[in-house]
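Have a look at the structure below before the remarks.
The values are calculated or read from the model by the stated rules, or taken from the named source; none is laboratory data. Just so you know, these numbers come straight off a predicted model, no measurement behind them. Positions of Cβ are backbone-derived with ideal geometry, glycine not excepted, and every protein chain shown enters the neighbour counts. Side chains are part of the model used for accessible areas, which takes the heavy atoms of the whole protein and leaves out ligands, DNA and RNA. Shrake-Rupley method; radii C 1.70, N 1.55, O 1.52, S 1.80 Å.
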Amino acid sequence: MQPFSRRNFLKSSSALALGATAIQPFRLFAAAAKKKIPIGVQLYSVRKNCEKDLPGTLNAVGKIGFEAVEFAGYYGRDAKTLRKLLDDAGLKCCGTHTGLDTLLGDKLQPTIEFNKTIGNKFLIVPSLPSKYSKRREDWQKAADLFNEISDKVRPQGMIVGYHNHDPEFKPLGGEMPWDTFFNRAKNEVVIQFDTGNAGDLGVDPRIYLKKFPGRVASVHVKPFSKKNPNALIGEDELVWPEIFELCETVAGVEWYIIEYERDNEPPLVSIEKLRKILCNMGKC
């Protein structure tokens with residue numbers, strides 16, 4: 001991650017949340033036939049643009065051809081304002097990076113209502129407090145907590161999930177915390193898999209896209225390269241044809257979410273290039 005990490009960004013953002021449409025019956029296994037997966041973008045990729053001009057940035061994202069955005073902060077806007085901005089730009093919301101604290105106690109229902117308003121059903125928690133991540137037993141407790149949250153949000157059309165950064169693939173108690181967590185969590189607790197973050201830790205995304213069939217709700221399509229940190233998809237070291245094949249068959253992916261965190265060129269230029277690469281690979 002860059003020095004200004006999403007984790008720090010979340011701490012300084014207003015309440016994050018989840019949203020609206022009804023949950024389809026959960027699939028333990030995705031259909032064998034390949035499916036077309038829509039493409040969104042994580043707005044953290046263009047956060048500086050959003051800070052300066054959120055309406056203009058959303059309109060630009062829509063004109064590029066993206067179908068949806070995922071939030072990692074709301075730039076001081078309330079839910080109704082965000083929904084109007086999305087509608088005006090012709091965009092959906094395909095997820096929010098939601099602080100765990102906003103899913104607990106009296107904060108849960110406002111979080112649900114916020115996300116219903118913006119049209120989002122995926123409440124994705126991007127990191128855990130240290131009390132849930134120091135020991136293997138802590139990850140088990142975290143899974144139990146996510147199970148409880150899932151039971152509360154599902155009747156309201158919501159899905160809770162978890163996103164990988166660094167600690168999930170550093171072994172604890174003889175097991176990867178990612179495995180500890182998702183082996184204990186209910187099937188309804190979904191996965192958001194970040195390919196670039198996995199690559200940073202030497203983890204092959206293909207292994208984990210196969211490991212929990214039907215549970216990967218979305219994938220952060222993020223390049224990874226040791227040789228060239230600014231590499232785009234196709235210039236990097238990930239095996240994208242096999243990754244996409246798994247996403248479209250066994251993993252159960254509902255959204256491809258492009259993310260790019262480098263500042264080597266204007267962020268809107270980078271995400272437009274990445275979308276064109278996916279289109280050239282037959283993903284649009």
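General remarks:
- Single residue of 161, 157, 173 found to be of a type in the set (Gly, Ala, Ser) and touching a helix residue (DSSP H, G or I) at 6+ places or on another chain (Cβ under 6 Å): 173
- Extreme residue, surrounded by the fewest Cβ atoms within 10 Å (Cβ to Cβ), among residues of region 241-275 that are farther than 26 Å from residue 47 by Cα, out of contact with any helix residue (DSSP H, G or I) (no Cβ under 7 Å at 6 or more places or on another chain) and not acidic (Asp, Glu): 241
- For residue 137: the one exception among (1) assigned to a helix (DSSP H, G or I); (2) among the acidic types (Asp, Glu); (3) within 30 Å of residue 116 (Cβ to Cβ): (3)
- Candidates in region 80-116 are the residues that are in a helix (DSSP H, G or I) and of a type in the set (S, T, N, Q); of these, the one that is surrounded by the fewest Cβ atoms within 10 Å (Cβ to Cβ) is 109.
- Count of region 81-139 residues which are under 29 Å from residue 53 (Cβ atoms) and among the basic types (Lys, Arg): 5
- Filtered residue count, region 154-175, keeping only those that are crowded, with 22+ Cβ neighbours inside 10 Å and either part of a loop (DSSP other than H, G, I, E, B) or out of contact with any strand residue (DSSP E or B) (no Cβ under 6 Å at 6 or more places or on another chain) (or both): 3
- For region 57-79, the count of residues that are of a type in the set (Ser, Thr, Tyr), open to solvent by less than 20 Å² (accessible area, probe 1.4 Å), in a helix (DSSP H, G or I) and over 24 Å from residue 150 (Cα atoms) is nonzero.
- Among the residues making up region 33-56, those that are over 13 Å from residue 267 (Cβ atoms) and in a loop (DSSP other than H, G, I, E, B) are 33, 34, 35, 36, 37, 38.
Residue by residue, here is whether (1) under 24 Å from residue 277 (Cα atoms); (2) touching a Leu at 6+ places or on another chain (Cβ under 9 Å); (3) at pLDDT below 95 holds:
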residue	(1), (2), (3)
179	no, no, no
184	no, no, no
188	no, no, no
195	yes, yes, no
203	yes, no, no
206	yes, yes, no
216	yes, yes, no
221	yes, yes, no
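- Hey, residue 136 open to solvent by 10 Å² or more (accessible area, probe 1.4 Å) and touching a Gly at 6+ places or on another chain (Cβ under 8 Å) or not: yes
- Looking across region 28-42 at every residue that is exposed (fewer than 15 other Cβ atoms within 10 Å of the Cβ) and at pLDDT below 65, the one that is nearest to residue 183 (Cα to Cα) is identified as 28.
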